[in-house]
1. Over what distance in Å are the Cα centres of region 63-133 and region 25-51 separated?
2. Give the order of 30, 97 when sorted by the count of other beta carbons within 10 angstrom, beginning with the fewest.
3. For semi-axes √(5λ) of the Cα gyration tensor in Å, pick the label among [x] 26, 17, 13; [y] 20, 18, 15; [z] 28, 15, 13 that corresponds to the value derived from the coordinates.
4. Considering Cα pairs under 8 angstrom that are at least six residues apart, work out the relative contact order of the chain and quote it in whole percent.
5. Which value at 222 nm does the chain reach when only helices count, each DSSP H run of 4 or more adding -39,500 (n - 2.57), with the total divided by all residues and rounded to the nearest 500 deg cm²/dmol?
6. Pull out a ≥ b ≥ c, the square roots of the eigenvalues of the alpha-carbon gyration tensor of region 66-133, then state rounded if a/c is under 1.5, prolate if not and a/b is larger than b/c, and oblate in the remaining case.
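Each reported figure results from applying straightforward, stated rules to the coordinates on display, with no laboratory input. Everything quoted here is computed from the prediction, not taken from an experiment. When we count neighbours, we look across all protein chains shown, and the Cβ atoms used for this are built from the backbone with ideal geometry, even at glycine.
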C-alpha cells in the first residue's frame with residue numbers, strides 16, 4: 001500500500017478542516033506536486049476528475065499510519081470501497097510529479113458524480129483560483 005496521499009482542495013494546509021485535524025498527527029508534508037486531471041469549482045470545494053489534458057496542483061503527505069488516515073479520509077470523501085460506482089469520490093493510486101521532478105505514487109480522490117455546470121479551473125491550482133476571486 002502506498003504511504004503517500006495527495007490533497008488538492010480543502011484538505012490542503014491553508015484550510016482549517018475538522019476532518020483533516022483528525023488525521024493531522026499521522027501526516028508529514030512531503031512537498032507540492034501535480035497529478036493528471038481536470039479541476040472544477042463546485043462552490044464549497046473543488047473536484048478533480050481524470051483527464052489527459054490537464055494537471056492538478058496539490059500537496060503530498062507521507063502517512064505514518066495509512067490504514068487510520070485512509071479510513072478517515074474515505075469517510076470524509078464519501079468513498080466506499082465496496083460500492084465505488086456509487087461513491088461521491090473514488091480513491092485511486094495515482095502518479096504524482098513532485099516539484100523537484102521526482103515521480104511518486106500517492107492516493108488521490110477523484111470526483112465521481114455529475115459536474116453539472118461547474119467551472120473548470122484552468123490553472124489546476126485551487127489555491128491560486130481562490131486568490132483570483
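1. With region 63-133 and region 25-51 each reduced to a Cα centre, they are spaced 5 Å.
2. Listing 30, 97 from fewest to most nearby Cβ atoms yields 97, 30.
3. Answer label, from the structure shown: [y].
4. Over the chain, the number comes to 32 percent.
5. About -4500 deg cm²/dmol.
6. oblate
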